[in-house]
Amino acid sequence: MIGTGDGDERLQLALQTGKIGVWDWDLIQDRISWSESLHLIHGVDRAATPSLALFLELVHPDDRERVAAAIRATLDGHSPHELELRAIRPNGETIWLFINAMVIRHDGHPVRMLGATIDVTDRKRTEMRLRESEERFAKAFNASPLSLTISSLLSGRLIEVNETFTVVSGYSREEALGRTTAELGLWAKLSDREQELGLIRASGRVRNAEYCFRNRHGQEIVGLLSAECIEIAGE
């Protein structure tokens with residue numbers, strides 16, 4: 001059985017990690033209190049007196065106007081508010097924060113705003129690295145002098161093709177995606193396609209296998225085909 005104090009202890013542990021901070025804005029007295037963990041998140045000395053001006057000063061200049069507008073909208077509205085933003089610590093480090101806030105009202109007038117601030121910098125950096133990796137792959141894929149395709153092993157339908165493929169095959173990207181190479185008539189002999197699929201399913205790859213292909217205009221092209229199984233979205 002979990003004791004009544006365990007929840008508070010877990011909350012304190014979470015706050016002490018420096019990844020979650022809580023704050024309370026008394027709108028009547030215009031006084032703001034921050035948890036110690038929120039001072040740590042922002043890199044601000046514990047002795048600093050929290051204020052809206054201090055917070056906005058810590059917000060990244062490019063996000064400051066959007067954040068100020070979001071605060072005004074939350075005070076004017078009646079629903080909890082979620083916001084993702086960049087902040088700059090006094091040492092110059094840029095961090096990413098996720099804020100969830102709600103307004104407490106009395107007789108329809110806002111009297112307090114309560115919120116939690118989560119440091120999501122690690123997640124955002126991982127997302128940016130992944131995005132940069134995807135962009136590098138896309139640029140290399142599209143710029144390759146080789147005819148490159150990505151297709152589903154289950155359905156055989158083309159998921160992506162590069163510019164070289166469209167030049168060699170005579171089919172535009174829009175015409176090719178969602179269709180199989182057999183439907184496009186790119187194999188001079190369909191039995192070659194079955195042979196290639198059999199090799200891939202047996203060993204997961206094909207290396208420099210010579211096949212005869214036929215482009216959109218009926219011209220036959222002898223080429224070396226290499227293929228590899230990769231996993232995308234669990235397939």
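Details
- Computed accessible area, Asp76, all protein chains, 1.4 angstrom probe, square angstrom: 130 Å²
- Solvent exposure, largest accessible area first (probe 1.4 Å, DNA, RNA and ligands not counted), of Ile32, Ile232: Ile232, Ile32
- Ranked order, Met113, Met102 - accessible area, probe 1.4 Å, largest first: Met102, Met113
- The figure for Val103 is an accessible area of roughly 30 square angstrom, using a 1.4 Å probe on the protein chains alone.
- Backbone N atoms of the stretch 118-152 closer than 15 Å to the 7 Å Cα→Cβ label point of Leu225 belong to residues 147-152.
- Accessible area per residue (1.4 Å probe, heavy atoms of protein chains only) ranks Ser37, Ser226 as Ser226, Ser37, with the largest value leading.
- Mean ellipticity per residue at 222 nm, deg cm²/dmol - from DSSP H runs of n ≥ 4 across the chain, formula -39500 (n - 2.57): -11500 deg cm²/dmol
- Using a probe radius of 1.4 angstrom, the carbon and sulfur fraction of the accessible surface of the chain is 54%.
- Given a 1.4 Å probe and the protein chains as shown, Phe98 ends up with an accessible area of around 60 Å².
- Cα-based shape type of the stretch 168-235, given that a ≥ b ≥ c are square roots of the gyration tensor eigenvalues and the cut on a/c is 1.5: oblate
- Average accessible surface for the chain: 63 Å² per residue, computed with a 1.4 Å probe over protein heavy atoms with every protein chain in place.
- Net lengthening on full extension, Ile232/Asn208 (0.36 nm per residue, minus Cα-Cα): 6.3 nm
The values are calculated or read from the model by the stated rules, or taken from the named source; none is laboratory data. Keep in mind that this is a model prediction, so the values were computed, not measured. We place every Cβ from the backbone using ideal geometry, glycine too, and count neighbours over all the protein chains shown. Quick note on the areas: whole protein, heavy atoms, side chains included, nothing else; ligands and nucleic acids left out. Shrake-Rupley method; radii C 1.70, N 1.55, O 1.52, S 1.80 Å.
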